[in-house]
Amino acid sequence: MGYLEYDEKELVRLALEGDQMAYKAIYELFEKDIRGRVTGYFQWKADVDDVITESFQKAFLNLSTFDTTKPLRPWLFTIATRTALDHLAAIKREQEKRAGIQTKQGESPDPSMEITETTPEEDIINDENHERLMAYIEELSPLYKEVMVKYMIEELEYEEISKELGLELNTVRTRIRRGKQQLSAMMLRGETD
């Protein structure tokens, strides 16, 4: 029996016991879903790849905290969404840093604008990012807002959203893609700050 035939609870158990093939199977099982979740936030494939890699690293490092009575996919989606928001914030900080350097011409950059690695306050930051995400979602046009709440907050599948809202599946896909694009643009511009 191949690893991809195991259920996710068994894969988590094997991974926690140190089975590297179980980690690989979890990655293979969910990578496409995670990619679909974060792709709309970024213009460049490299950013998407970075977020996917970082999301799985965080998930695997914290796998022992996962509640195996719940499905693994929503947990991974939460990690991926927060990682994408962190990545967008880092891109924004880097753009602001570059803009500050260009406007000061010749002055040394402000050390307080330096990008640093995450700190032990990561949980607080993640909570702030979640609050910021909620504020951004509130700013979306009504056409995208309802679909994005169902997708990002309630973590429903496209098909479930389609049934709940009485929309065609392709309409749901389009609204989610466009909603992600609007959220990404708002995040980069720093709206609702």
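Annotations
- Considering only residues in segment 159-193 that are crowded, with 17+ Cβ neighbours inside 10 Å and not hydrophobic (A, V, I, L, M, F, W, C), the one that is farthest from Arg93 (Cα to Cα) turns out to be Ser162.
- Selection within segment 1-34 - modelled with pLDDT of 85 or more, open to solvent by 70 Å² or more (accessible area, probe 1.4 Å) and over 17 Å from Lys70 (Cα atoms): Glu17, Gln20, Met21, Lys24, Tyr27, Glu28, Lys32
- Residues (out of contact with any helix residue (DSSP H, G or I) (no Cβ under 6 Å at 6 or more places or on another chain) and assigned to a helix (DSSP H, G or I)) located in segment 4-15: Glu5, Lys9, Glu10, Val12, Arg13
- Of the residues Arg175, Arg189, the single one that is of a type in the set (Lys, Arg), more than 17 Å from the chain's Cα centre (by Cα) and modelled with pLDDT of 80 or more is Arg175.
- The single condition from (1) over 18 Å from the mean Cα position of the chain (by Cα); (2) at pLDDT below 85; (3) not polar (S, T, N, Q) that Ile137 fails is (1).
- Here Phe42 passes the criteria (1) open to solvent by 40 Å² or more (accessible area, probe 1.4 Å); (2) aromatic (Phe, Trp, Tyr); (3) in contact (Cβ under 8 Å) with a residue 60 or more places away in the chain except the one numbered (1).
- Residues within segment 45-78 that are free of Cβ contacts under 8 Å to residues at least 24 places away in the same chain, part of a helix (DSSP H, G or I) and open to solvent by 20 Å² or more (accessible area, probe 1.4 Å), tallied: 8
- Residue in segment 116-127 that is hydrophobic (A, V, I, L, M, F, W, C), at pLDDT 85 or above and either within 20 Å of Val38 (Cβ to Cβ) or part of a loop (DSSP other than H, G, I, E, B) (or both) present: no
The values are calculated or read from the model by the stated rules, or taken from the named source; none is laboratory data. Given the structure is predicted, the values throughout are model-derived calculations rather than measurements. Positions of Cβ are backbone-derived with ideal geometry, glycine not excepted, and every protein chain shown enters the neighbour counts. Note: areas computed on protein heavy atoms with side chains; ligands, DNA, RNA excluded. Shrake-Rupley method; radii C 1.70, N 1.55, O 1.52, S 1.80 Å.
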